[in-house]
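The structure appears right after this line, and notes come after that.
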Amino acid sequence: MLRLGVLDQTPVLTGSNAVEAMKQTVELARITEKLGYSRYWVSEHHDTISLAGSSPEVLLAAIGAHTSRIRIGSGGVMLPHYSPYKVAENFRVLEALYPGRIDLGIGRAPGGMPAATRALRYGRPPEIAEAFPAALEELGGYLRPVRGAAEVRPGSGLQATPLVETSPEIWLLGSSDYSARRASELGASFSFAHFINGEGGQGAVQHYYETFRPGPLGAEPRANACVMVLCADTDEEADRLAAPLDLKLLLLEQGRFGIDITLEQALAYPYTEFERIRIRHNRKRMLVGGPENIKTQLLEFSRSYGVEEVIVNSITPDFASRVRSYELVAGLF
């Protein structure tokens, strides 16, 4: 039985606003919990008009209050921006509020443009990103369930509070083999972002399993892969609903950010032959179709990765069709 999770980037849909996007994220978490999804992750993006989720820790507190069973987590916290100690405190608070339900997904991408990165790091040197493996080890020390003792800093006596008996699952997120290697070295779980990079993920996950050893971030190998999925009642309707996403990805490649695209505009867009080639290439990052088509694609996708859990990221032109996509996919498994 294939397990399915959710990645919600809190999209600001065309004609909507950030307030509605936040409400939809909380509502979608409630819906997908009832549908039986395994976990619900929210992303971190900065200075991005079309994606409202800039602070996953805050958003997770609201999601936890409106759900009761589904695991909730970050997809993910961009650790190079922050102090490992403060990240540990944030997620210990969440673990105290919702014991046994918290995932701490960690990324090393900026999550925004250079101006946002400079503002987030607030004078800290750029070289901090090069200390990523050391920051991960320090974070693991604070989050161990042995009362928060920071074993990587002997003699400091520093603890990340509140002190709770349980600890978040730590996941490294990546779209290359870099995070897979770090995860296998440090004992973390690993999630490959196929929705960002549609090539090379299978090899990264295979390498992770082959080289995994227990470490400061965990003791057992665990992997999944995240892919964009757009499911509708028919293949034709799914293909139609995917048009705005096709165009948005194309415009992002061209450096054109924050453009609102309606379904009608996407369907009428005068693509060049080269642009159509780029759209076909980007479709490698997503699964589009009716229920039976999507079931076949999801099973093949999970087999190719050698994973028993797939994280589903569905973005459609409106909230109703987005919910319908998650309902249809859940019904398949």
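The values are calculated or read from the model by the stated rules, or taken from the named source; none is laboratory data. Every value quoted in this text rests on a predicted model; they were computed, and no experiment measured them. Here Cβ is always computed from backbone atoms with ideal geometry, including for glycine, and neighbour counts include all displayed protein chains. Remember, those area values only see protein heavy atoms, side chains included, never the ligands or the DNA or RNA. Shrake-Rupley method; radii C 1.70, N 1.55, O 1.52, S 1.80 Å.
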Segments 309-318, 12-21 sorted - mean Cβ within 10 Å per residue, highest first: 309-318, 12-21
For the stretch 233-330, the Rg and Dmax computed from alpha carbons only, in angstrom: 14.2, 40
To the nearest 0.05, the calculated FRET efficiency linking Leu332 and Ala219 through their beta-carbon distance, R0 being 30 Å, is 0.40
Let a ≥ b ≥ c be the square roots of the eigenvalues of the Cα gyration tensor of the stretch 27-148; is it rounded (a/c under 1.5), or, if not, prolate (a/b larger than b/c) or oblate? oblate
In whole Å, how far is the Cα centre of the stretch 13-63 from that of the stretch 176-207? 24
Roughly to the nearest percent, how much of the accessible area of the chain is carbon and sulfur, given a 1.4 Å probe? 56
Rounded accessible area of Glu273 (nearest 10 Å², 1.4 Å probe): 110
Distance histogram for the chain (every C-alpha pair counted, 20 angstrom bins, percent rounded to whole numbers): 31, 59, 9, 0
Where in the stretch 164-184 does the label zone of Glu199 land, with the point 7 angstrom along Cα→C-beta and an amide N cut-off under 18 Å? 175-178
Might you tell me the accessible area per residue for the chain, computed with a 1.4 Å probe and given in Å²? 44
Helical segments meeting 24 Å axial Cα length and Kyte-Doolittle -1.0 threshold in the chain (DSSP H): 18-35
Measure off 7 Å from each Cα along the Cα-to-Cβ vector at Gln254 and Met1, then give the distance between these two points in nanometres to one decimal. 4.7
Would you calculate a helix-derived [θ] at 222 nm for the chain, using -39,500 (n - 2.57) for each DSSP H run of n ≥ 4 and dividing by the full residue count, to the nearest 500? -13500 deg cm²/dmol
Along the dipole axis of the chain (charges at Cβ: +1 for Lys and Arg, -1 for Asp and Glu; origin at the Cα centre), the most positive-end residue among Gln24, Ser55, Leu328 is Ser55
With at most 13 neighbouring Cβ atoms within 10 Å, loop trypsin sites (Lys or Arg not before Pro) (DSSP) excluded, longest segment of the chain: 148-255
